[in-house]
Structure formats: structure tokens, C-alpha cells
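What follows is a short report on a single structure.
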Amino acid sequence: MGIDSQTITVIASILIPTLGGFTWMIHRMDARFEKMETRIDMRFKEVDVRFKEVDARFEKMETQMDARFEKIDNRMNSIEGRIGSIENKLTAIDMRTSFIERLLEMFRLPQKIPQKEIKEATDS
């Protein structure tokens, strides 16, 4: 059982162009994939640049907002300090007022003492 040379020639004449066509098609597809991959890489790089710009903007805004909140916190602390100072002053005023009221009561008390007791106290 042998294969004659004509059959081998026919098979070879069919296989060689077919394999060449497949090789060309694979090479062409590789080139297209490379081109598409390059485009996609460029787009990703552009997107990365945009993201970096947006991140920089957000960081700048975050810094500004932090500064504003810090100013607000400082103002609130200052206001709380002033309120505390005012409360202390009011407490001192209340203490003075109660002291003055007690003094006034002490001065009023002798007026309520009957004159007879005052004479006895001064005579002794």
C-alpha cells in the first residue's frame, strides 16, 4: 500500500496554500489585536491622567475644606471660651448680689429689733 506521487502532490498543493492562508490570517489578526491593544492602552493612559487631575482637585478641595472646618472649630472654641468667661462673671455677680443682699438684710434687721432692746444694748 503505497501512496502514489500524484496523490501526494495534490494533497500538498491543497495543504500548502491552505496553511499559508491560515498563517497569513493569524498574522493579520495578531496585527489587528496589537493595534487595538495599543489604542486601548492609550485610552487607559488618558483615563489615568484624568483620574490624577480629578484626584488633585479633590485633594485641593479637601485641604480647603479642612482649613475652613479648622477655622470654624477655632471660632467655636473661642465662643465657648467667651461663654465660659461670661458664665464665670455672672456667677461672680450672683455671688456679689447675694452678699449685698445679706448685708442689706443685716442692716435691716436692727430696724426690726424693738427700741427697748436697742436701749438695753447701748446702756450696758
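On the given criteria, is residue 34 under 27 Å from the mean Cα position of the chain (by Cα), assigned to a helix (DSSP H, G or I) and at negative phi? Reasoning before the result, please.
Working: under 27 Å from the mean Cα position of the chain (by Cα): no; assigned to a helix (DSSP H, G or I): yes; at negative phi: yes.
It is false that residue 34 is under 27 Å from the mean Cα position of the chain (by Cα), assigned to a helix (DSSP H, G or I) and at negative phi.
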Going by the conditions given, is residue 5 among the hydroxyl-bearing types (Ser, Thr, Tyr) and loosely packed, with under 10 Cβ neighbours inside 10 Å? yes
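Read-outs: derived from the displayed coordinates by stated rules, not from any lab. Quantities reported herein were computed from a predicted structural model and do not represent experimental measurements. Cβ sites come from the backbone with ideal geometry, for glycine too, and all protein chains shown count toward neighbours.
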